[in-house]
Amino acid sequence: MRIEDVPFMSGGAPLVGHIAELAEDRIAFMRRVAGEVDRVARIRTIGHGVFVNHPEPLQEVLVEKARSFDKSRMTRWALYPLGGDGLFTSSGDLWRRQRKLMAPLFHPAQLERYAADMVACATRAVGSWRDGEVVELARETTRITMGVAGKTLFDSDTFDEADELGAALTVALEWTADHAPSFSSIAHLVTARTLRDLGELGRSRRLGELAQRFEVPLVLPGKDGRALREAVAYLDAHVQRMID
C-alpha cells in the first residue's frame, strides 16, 4: 500500500488541516481517531501524518517491518530538549545500539523484580495516607511513578524527592505537549525539509548539516523556555547523582 492509498480522516481546517484540532484538545481528537479509524488513516497536515488503530498493522509497523519506519520528526523536535539524542528521539544505527543496551532491563526475569518494586512503592505511598485525609491524586500517582522509576532503573530510593522530580518532569512534558503541534515546530520542520531537499538537489553537505540543526529547537525563549531549561537541568543532575 502506498501512502496515497491511505484514506484521510474527516474534517480538517484549510492550510493547517487537523493540526488546529489536535492542538486545541488532544484527548478529544484521539477519541475521535479511536472511534473513526478502523485500521489506518491519514490526517491533513504539512507532510504525511498517519494513525494506526488496529493490532495487525501495529504489529507490522513495530515488529515485522520496523526497519521500514522511522520516528516522526515532530516527535524528535518536541522531545529533544528533554531526551536529547536518546532512545525516544534517535533513529537508525544509533537507536539500534541504544535499544541493545537497554534490552537487558526488560528481560522477563527483570520484569518480575520490577513488579515487586512497584508494589512496594505503591504500598509505601498508600501507607502515608490517613483516614479522612484529602489527597491530590495526580500528585500521589506521580510520586509513586517517580519512586518506581528510581528503584527499578537505578536501584535508588527517590521517594522523598519524588515531588521535586515529578514537578520537573511535568514541566518538561507540558512543554513537549504544548509545543509539539505548534506553528514554531511546523516552521522549523518545513525549513529543515526545504534545506534537506535543496542539499540533496545540489549535493551540498553543508545544507544537509544545516537541515539537521532545524530538526530540533534552536532556542528555548520566554518564561516557558527558562522553566524547561531549569527542569531538565534538575533532572540531569539527579540522574547523574544516582549513576555516580
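Observations
- Residue match in segment 173-181 (condition: of a type in the set (Asp, Glu), part of a helix (DSSP H, G or I), under 23 Å from Leu228 (Cβ atoms) and modelled with pLDDT under 85): yes
- Verdict on Ser185 being touching a residue at least 40 places away in the same chain (Cβ under 8 Å), touching a Gly at 6+ places or on another chain (Cβ under 7 Å) and not aromatic (Phe, Trp, Tyr): no
- Segment 221-241, residues that are β-branched (Val, Ile, Thr) and within 13 Å of Thr170 (Cβ to Cβ): Val232
- Here the condition is being at negative phi and either part of a loop (DSSP other than H, G, I, E, B) or touching a residue at least 24 places away in the same chain (Cβ under 8 Å) (or both); of Leu105, Leu111, it holds for Leu105 alone.
- Residue among Asp155, Asp163 that alone is open to solvent by 90 Å² or more (accessible area, probe 1.4 Å) and within 25 Å of the chain's Cα centre (by Cα): Asp155
- Among the candidates Ala138, Ala168, residue that is out of contact with any Phe, Trp or Tyr (no Cβ under 7 Å at 6 or more places or on another chain), outside any loop (DSSP other than H, G, I, E, B) and under 30 Å from Ala20 (Cα atoms): Ala138
- Subset of segment 189-223 that is out of contact with any Leu (no Cβ under 9 Å at 6 or more places or on another chain), touching a residue at least 40 places away in the same chain (Cβ under 8 Å) and over 15 Å from Leu79 (Cα atoms) - its residue that is most open to solvent (accessible area, probe 1.4 Å): Arg193
- Residue count, segment 129-151 (criterion: surrounded by 11 or more Cβ atoms within 10 Å (Cβ to Cβ) and either under 18 Å from Ala167 (Cβ atoms) or modelled with pLDDT under 85 (or both)): 13
- Extreme residue, surrounded by the fewest Cβ atoms within 10 Å (Cβ to Cβ), among residues of segment 49-93 that are polar (S, T, N, Q) and outside any helix (DSSP H, G or I): Ser91
- Criterion violated by Gly92 - all others in (1) free of Cβ contacts under 8 Å to residues at least 24 places away in the same chain; (2) more than 30 Å from Arg229 (Cα to Cα); (3) within 20 Å of the chain's Cα centre (by Cα) satisfied: (2)
The values are calculated or read from the model by the stated rules, or taken from the named source; none is laboratory data. What you see is a predicted model, and the numbers here were worked out from it, not measured in a lab. Neighbour counts run over all protein chains shown; Cβ positions are idealised from the backbone, glycine included. Areas reflect the complete protein model, heavy atoms only, side chains present, ligands, DNA and RNA absent. Shrake-Rupley method; radii C 1.70, N 1.55, O 1.52, S 1.80 Å.
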